[in-house]
1. Starting from a Cα-only point model with no solvent, please compute log10 I(q)/I(0) by Debye for the stretch 287-326 at q = 0.27, 0.35 1/Å.
2. Mind pulling the per residue volume of the convex hull built on the Cα atoms of the stretch 68-127? Å³ is fine.
3. Just to verify a number: FRET efficiency for Thr209 and Asp309, C-beta to C-beta distance, R0 = 51 Å, to 0.05?
4. Applying 1/(1 + (r/R0)^6) with R0 = 41 Å to the Cβ-Cβ distance of Ala458 and Thr599, what FRET efficiency is obtained, to the nearest 0.05?
5. Fully extended, how many nm does the chain gain between Ala200 and Ala101 (0.36 nm per residue separation, minus their Cα-Cα distance)?
6. Counting pairwise Cα distances across the stretch 334-379, what percent come out greater than 17 angstrom?
7. If you take all C-alpha pairs in the stretch 298-447, what percent of them are over 28 Å apart?
8. In deg cm²/dmol, rounded to 500, what helix-only [θ] at 222 nm does the chain give when every DSSP H run of at least 4 residues adds -39500 (n - 2.57) and the total is split over its residues?
Amino acid sequence: MSGSSGVATIDASANTGKTSLVVGANGVAGSTVTLGAGDDTLDIGTTLNALDKIQGGAGIDTIKLSVGNQTVNGGTTTVATSEFVQSGGFEVIDIASTDDAATLNVKDIADVTTVKLASNVGVFGVSGTTETDGDVVNYSLNGTAYTTSTARLAATASIDTFEEIVAAEINATTGFTAVSGTNTVTVTNTSGSSEIVEFALTSVTGTGTVAAGGLDTGYTNVSVSGMTTQAIDVYGADSVTARLTDSSGTSDSMTINLKSLLADRSAAQTVGTIDIADSIETLNLSSTGMKTQTTTAAVGKTLTALTADASLTALNITGSDNLTITGMTASKLATIDASAHTGDLSLPGVGTLAQTITTGSGNDTFIMGANLTATDVLDGGANTAGTTGVMGKDTVTASGNQGTSVAAAALQLANIETFQLTNTGTASTFIDGTNLGGVGEIALSSAATGAFTFTNMAAGVGLGAGIADDELDAAVTWTLADATGTADALTVDYSDTLNTNSSLALTTVGIETLDIVAEQNTAGTNTSTMVNTAMTASTINVTKGVANNILALGTLNKATTTVNAGTLKSQMSLTAATVAAGGSGMTITGPGAAVQTYTLDTKADNVTLTGDLGAVIHVIDGGTTASAATSDTFSARINNVATDLTSVTGFEVLNLTLKDATASGLNDGT
């Protein structure tokens with residue numbers, strides 16, 4: 001049964017089905033409403049008062065209230081501020097906040113198990129510059145793009161500012177109303193199937209420009225006090241404040257659920273603050289209802305700040321949403337258990353307290369900043385494949401130096417595919433890899449003098465040279481925990497978004513093969529310089545890169561005898577070590593399409609350039625050989641009538657292949 005009513009008495013106690021009533025503005029002071037055995041809903045709007053006698057029945061009943069600048073209370077005596085004193089029997093109280101002071105005190109309200117919160121009103125800045133007749137404004141509302149159908153009119157017309165034409169467009173959109181102010185628009189969600197108001201300006205079509213101008217205040221706030229075991233479901237709010245009736249115990253807990261209605265699941269959402277600074281020891285936080293990943297990307301939810309006091313020691317996170325918690329105030333939060341969470345989760349670190357943080361099956365991010373220490377225990381859990389089918393990664397980011405030369409930091413990281421460490425200071429970093437389990441890559445960035453030393457490293461952990469556009473300019477020493485193998489490899493993977501030159505001095509112990517993945521940023525020309533004199537791998541493999549960049553391997557260690565770079569796209573330079581009598585020469589494969597600069601020693605060296613040489617001028621010196629037995633050999637394929645080998649010198653043997661059906665030749669045979 002459903003309907004609207006303004007009568008003083010409604011008796012639906014005999015109805016066993018679901019009763020849905022809207023009283024709203026038609027409510028009569030002193031009304032008596034009795035509901036039945038179904039899961040009933042009563043929307044009373046703003047009219048609930050202490051004289052009303054409104055009772056739910058046997059089902060899971062919901063009462064909906066619209067609360068402005070007031071506190072709605074329970075109570076034991078009939079006074080004007082005890083709106084629920086004669087009403088109860090509702091398991092769910094649904095609050096729509098229309099003012100920052102909206103408060104619900106659930107103390108002495110019988111049977112309440114859940115409080116639903118939604119701030120259906122948002123205030124957003126719409127500040128125009130050079131507003132011109134005929135301009136239209138482009139914006140998004142709850143994830144849908146709109147363009148104002150009404151253009152800005154002459155200044156003498158009724159709609160002559162950007163905020164007015166945006167408000168007019170929103171008023172013409174089903175489920176919303178809007179009121180324009182001075183450089184602001186106040187938007188109200190009036191839809192029964194949606195709760196959120198997520199508004200963003202995009203552009204102006206025409207002469208003018210538009211921006212929020214720092215005038216966004218977003219959703220209104222809402223507070224709930226007098227709680228015992230009630231859960232809070234948050235569907236949209238700026239700041240949510242929750243307080244218990246009695247938080248003097250040592251095991252107080254609270255449950256807050258971030259939820260989304262079906263109509264809202266495809267729009268990214270932000271909740272400003274959840275404030276539980278009320279001596280709560282455990283917070284159970286879930287986030288559900290958002291669009292999860294299928295063949296398209298998931299849509300995320302953001303909690304800008306979680307605020308607690310020093311009592312909070314445990315945070316349990318569940319749900320399926322992609323959730324980002326940007327900031328967290330909780331100085332004694334020792335344990336975060338998100339092992340049951342299936343969405344992507346991003347968490348901040350909280351001070352120097354030793355933390356145990358466990359995440360679930362999403363692709364999670366731990367943003368530890370300067371807070372990461374060897375006493376923290378971080379476990380990223382499992383991962384989820386992306387829309388392309390590629391398995392995702394868990395990432396830990398941290399800043400500052402770790403450990404000392406006397407006591408290396410034995411960081412406790414498990415199932416973390418990428419660990420990113422930025423050190424901008426002069427202090428060096430010393431990391432003991434004994435407690436690293438399932439770590440795929442350690443990416444470093446540094447523009448200072450602090451060096452990095454890694455000991456007891458497991459085979460298979462890679463080194464990332466640079467983080468995003470921050471280069472690695474540092475000395476790195478890498479020592480394996482077990483160097484007894486004969487095929488141990490280290491991968492050095494350069495960031496693909498570096499925007500300047502970099503220099504890496506690499507020392508390795510127990511590594512037979514160095515695999516270098518060259519930078520692939522096509523903007524500008526970067527030189528990635530390596531100092532490899534103390535890098536003792538016998539083989540260097542180089543892949544990827546782009547033609548405008550240079551990989552400068554420097555002078556190699558005498559143990560390095562093979563360089564495989566046939567698929568490299570970049571320019572590359574190297575100098576072979578001086579090899580004593582009885583040593584062997586080098587075998588080098590490089591790309592023919594990018595300039596190669598090699599200086600070799602006096603042993604028998606073999607250089608092969610892959611692909612077509614074209615007109616590229618390579619600078620390769622085979623060195624002076626001691627005898628015919630130490631002849632140097634150069635092999636390549638020519639496909640140009642003006643192939644230039646004048647800078648290829650010191651080779652006793654040239655193996656040149658002509659490309660089929662292609663005019664080829666040498667412009668100088670010297």
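1. For the stretch 287-326, the Cα-only Debye profile gives -0.98, -1.19.
2. Numbers: hull volume 4.4 nm³, N = 60.
For the stretch 68-127, the hull spanned by Cα atoms encloses 73 Å³ per residue.
3. 0.70
4. Values: r = 36 Å, r/R0 = 0.87.
In this case the efficiency is close to 0.70.
5. Numbers: separation 99, 0.36 × 99 = 35.64 nm, distance 2.49 nm.
This chain segment gains 33.2 nm when fully extended.
6. Working: 265 of 1035 pairs.
Here the long-distance tail beyond 17 Å is 26 percent of all Cα pairs in the stretch 334-379.
7. On the way: 2005 of 11175 pairs.
Tail of the P(r) past 28 Å holds 18 percent of the pairs.
8. Details: 1 runs with 10 residues, N = 670.
Per the formula, -500 deg cm²/dmol.
The values are calculated or read from the model by the stated rules, or taken from the named source; none is laboratory data. Remember, it's a predicted structure, so these values are computed and weren't measured experimentally. FYI the Cβ positions are ideal-geometry reconstructions off the backbone, even for glycines, and counts take in every protein chain you see. Heads up: the accessible areas ignore ligands, DNA and RNA and are worked out on the full protein's heavy atoms, side chains in. Shrake-Rupley method; radii C 1.70, N 1.55, O 1.52, S 1.80 Å.
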